[in-house]
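Read through the structure below, which is laid out as structure tokens, and then see the notes.
The values are calculated or read from the model by the stated rules, or taken from the named source; none is laboratory data. Small disclaimer: the values here were computed from a predicted structure and weren't measured. Virtual Cβ from ideal backbone geometry, glycine too; neighbours counted across all protein chains shown. Accessible surface areas use protein heavy atoms only, side chains included; no ligands, DNA or RNA. Shrake-Rupley method; radii C 1.70, N 1.55, O 1.52, S 1.80 Å.
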Amino acid sequence: MDTPLCRVEIDQSALLHNFRFLQKTGLPLMPVIKADAYGHGLQLCASLYAAEGVTHLAVGSVEEACLVRKNGFNGHIIALLGLTSREDAQLATAFNITPVVHSFQNLRLAAQTLKNHPIALKVDTGMARLGFGVQDTPEVARFLSTTSLTPDFLLSHLAEADSPEAEDFTHNQHALLLQSAAPLQALNPSITLSLGNSACLLAYPQLAGNLGRPGIALYGGNPFFNTSLAIAGENLKPAMAVKAPVLSVHPLDAGKTIGYGRTFTTDKPTTVAIIGIGYADGYRRNPKTAPLLQGGACMAFTDPQSPDFGFRAPVIGRVSMQMTCLDITNAPFPLQEGDWAWIMGGPHAVAIHPHELATWWNTISYEVMCQLGKNRR
Ligand SMILES: *Cc1c(COP(=O)(O)O)cnc(C)c1O
């Protein structure tokens, strides 16, 4: 068991703000709470959306779906990763979970193990990951008519909805979904079509189908960050903050090195703070380090006199397993052992956005949330 020093805080008002913002599309929404709700907490998010009247939730594994059911959610729960075994099928039956069915082998397993049970079919319109071919759906419909399975949903997933230059590809995926739906609609006229992820809901809600499947936008990540459509997700509010304690504050003379590999040398008398978070806690071992003005990785501190303000301190040297070093020479107020450093979030004026961490880590906000969210709340 891992017992990190850092702590994760989830801002439920930000989660609600983002959910209600997406609701303005007018479409019913099936929040995607896979991977522990992108690190925000499976049960917390399931309960929060249920209280908002949500009747559909999407998770990853059947096991994750069962946790949501056991917590008392009584709407539809779709397991996006489908049935991976007969045990999954037994759980799906026992807890009334709707599995994604994406291949003929999958379909035969579902037909053998599930009776009078709803399923969500998945068709591949361009992601080339999971899904029947668009040309396969007539045969899927024929097979289904010989079983007691009910195809309640037809899903497809967009590959590049978050890049404005790929708009044509997104439109094409939508057209292919409609094409693949026809034989299944003949079997079940009320089958629900679902295509729209966060980017689609923000920029092309008309392509989303009858049920939106937002993930990252619910958690305050803007899928259009740094693109010409960034304004579409500008109002989203990050909901996760992460803090870790100061373990030590001490001076270093000019010309001294710090940390493993001695990768950083002080060019002046420097004050350093050692923070209790490292790569074991999901912080990247090799973030971009540079002075603040050059956009290097940093952490933030809250001004004890005025909680909306504070300052940022750059990461220096190598990140270790459970510790990271900061240059706090320019701190406008004194810091001491036991104070908290903000890894993400923090006082309004200097809050660290998930997209900044993503840039320093050379990744996307999704991974930042998933990694840091594994820590204790
Ligand atoms: C993760 C996922 C989503 C949500 O995508 P976002 O980009 O986070 O909005 C929707 N549908 C499927 C099938 C997914 O796996």
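Observations, loosely collected:
- Of all accessible heavy-atom area on the range 1-67, the percent that carbon and sulfur account for (1.4 Å): 55
- Alpha-carbon centroid distance for the pair the range 184-209 / the range 296-322, whole angstrom: 43
- Result for the chain in a Gaussian network model with C-alpha springs under 10 Å: among 40, 348, 17, the largest mean-square fluctuation is at 348.
- Above-threshold pairs, the threshold being 23 Å between Cα atoms, out of 24/243; 70/243; 268/288; 34/237: 24/243; 70/243
- Selected from 293, 177, 27 as most flexible by GNM, with the chain as the system and alpha-carbon contacts under 10 Å: 293
- Only Cα sites of the range 271-367 enter the Debye sum here, all with the same form factor; the resulting log10 I(q)/I(0) across q = 0.14, 0.21, 0.25 1/Å is -0.46, -1.09, -1.51, listed in q order.
- Accessible carbon and sulfur surface of the range 190-295 relative to its total accessible area, %, 1.4 Å: 52
- Near residue 210, the amide H atoms lying under 5 Å from its own belong to 193, 194, 195; only residues 5 or more places off or on other chains count, and H is placed 1.01 Å from N.
- R0 of 45 Å, Cβ-Cβ distance residue 104-residue 228: FRET efficiency to nearest 0.05: 0.65
- Gaussian network model of the chain, springs between alpha carbon atoms under 10 Å - residue of 64, 52, 356 with greatest fluctuation: 52
- Rounded accessible area per residue of the chain, 1.4 Å, Å²: 44
- Whether the chain is rounded, prolate or oblate, judged on the alpha carbon gyration tensor where a/c under 1.5 counts as rounded: prolate
- Given charges at Cβ of Lys, Arg, Asp, Glu: the chain dipole, positive-most of 140, 300, 25: 140
- Charged-residue dipole, Cβ positions (Lys, Arg, Asp, Glu), the chain about Cα centre, Debye nearest 20: 560
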